[in-house]
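Beneath this line is the structure, given in structure tokens, with notes to follow.
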Amino acid sequence: MRGSVILAGAVLAIWTLVYLVTQVLVDPPLTILPTIGAGTVLTVAVVLGYPSALRGPRGRGGARVGGRAVRREERDRLEAARGVRDLAAAGRSVPLRSGLTPEAARRTAELLQPMLSGDAIAITDRQDILAFVGPGADHHRVGGEMQTRAAVRAIEKGRTVVVQDRAGLGCKVPDCALQSAVIAPLAIGSRVVGSLGVFQARTEIPPKQLVEDMATMLSLHLELAEMDRERRLATHARLDALRAQINPHFLFNILNTIASKARTRPDEARELLLRLSEFFRYAVRQEGHFAEFAQEYYFVRTYLSLEQARFGDRLQVRYDIDPQVLTSRVPVLTIQPLVENAVKHGIADKKEGGTVRLRARVDPLTRTTSIRVSDDGIGMDPAVLARLMRGQDEGAGGDDEDGTLSGLGSSAHAGVGLRNITERLETLFGDRYDLSISTPRGGGTVVDLRVPMT
């Protein structure tokens, strides 16, 4: 705004001067054409030269930022700040995000060497060298113990060590080419797990602030990697818990059913025994956290065929499966526990029996797989449903007498298994899944599960 006012004032002054010269001071006054021509030429010259006048003369010792002269030292400081930002941007993709391993350390050292103004880069754990790039690699060997006392001090004290001469570096090899260094600890929380060392083959030390900033970013990546590892372990533990909680009463009841058919219907008993072995083989040996829906579907059908052999006509099953969903991947051992609850707590306690329905759809637009398990059994106690929807501890009432996986229909116990399944889903998907339970007016229980396609 200020520049526009100045320019407008200059144009006004030009035309005033042209008027005075051509119309007042000369006699006779000039005609209109020369007057307008002179004013136009001067106006154009001022407009074209105005930006250069604002920038001012270019000197060797500085620049102008916002109309204010900046000394060479200030300009260097701005460039250093830009270097820090570039370094931070590169730090977002460092390989240590996968953990403090030799391969990740090597790739990280190679990435950082041209950025940290160092002749050599070293990354260590608490005892050994994981990566070393640059002069001195002949004796600072990967996999060997740390060769400098300075690196040991940085890890033991948990703070940055700056070394300005070879004696302070304390390398075990007397003719080592390295003379100065900045060594910063790498930490996960308050626990020091290693170090980042930037070495020079001259007495000029590397930029300490840059090294510390990068060590902080590497520590953050290591902390995230540790959280990922703990989350994977927790997910494995929950899956193992589900396998361990496979209902022992289900096994006993099926074995009794097989035994009762062994004399009168030996072929049927043999078929049931084969299905039972397939059921446990899949539950125990399935690897990973995801499987194709077709595999989980076969597992559910095997389970229900065993239950139908026990309940007879009291248990009816209806399947409504979209063929497109068969190739989608879903969390293992998630659908069968929901179906088991429908049988154990919806149908088993209903004198005349009932029907369990399994419905599955895939939505390519939202890239989600929707699964519904419903029954027309005795339904769920409203108090239990309220606790489930609030996410409270369902297991406060103790275990069911049959130790079922989740006990959705029991008013005494809503089940450890349901919490287990929910925690697994949260670990695998965060807030991108949805699990809801409802009790229709007509009776029974409906469980809807929606998970993203993987």
What distance in nm separates the simple spin-label points at Thr16 and Leu30, each placed 7 Å from Cα in the Cβ direction?
1.9
Calculated FRET efficiency, Arg318 and Tyr298, Cβ-Cβ r, R0 22 Å, to nearest 0.05?
0.85
Hey, how many Å between the Cα centroid of region 168-188 and the Cα centroid of region 305-322?
71
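Work out, step by step, the length gained on full extension between Arg166 and Ala262: first 0.36 nm times the residue separation, then minus their alpha carbon distance; give nm to one decimal.
Using 0.36 nm per residue and subtracting the Cα-Cα distance, I get 26.1 nm.
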Obtain the nm distance between the two label points defined at Met227 and Glu278 by a simple spin-label model: each point lies 7 Å from its Cα along the Cα-to-C-beta direction.
4.4
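Values quoted throughout were computed directly from the atomic coordinates according to the rules given, and no laboratory measurement underlies them. It should be emphasised that the depicted structure is a prediction, and the values quoted were computed from it without experimental measurement. Quick reminder, even Gly has a Cβ in these numbers, built from the backbone with ideal geometry, and neighbours come from all protein chains shown.
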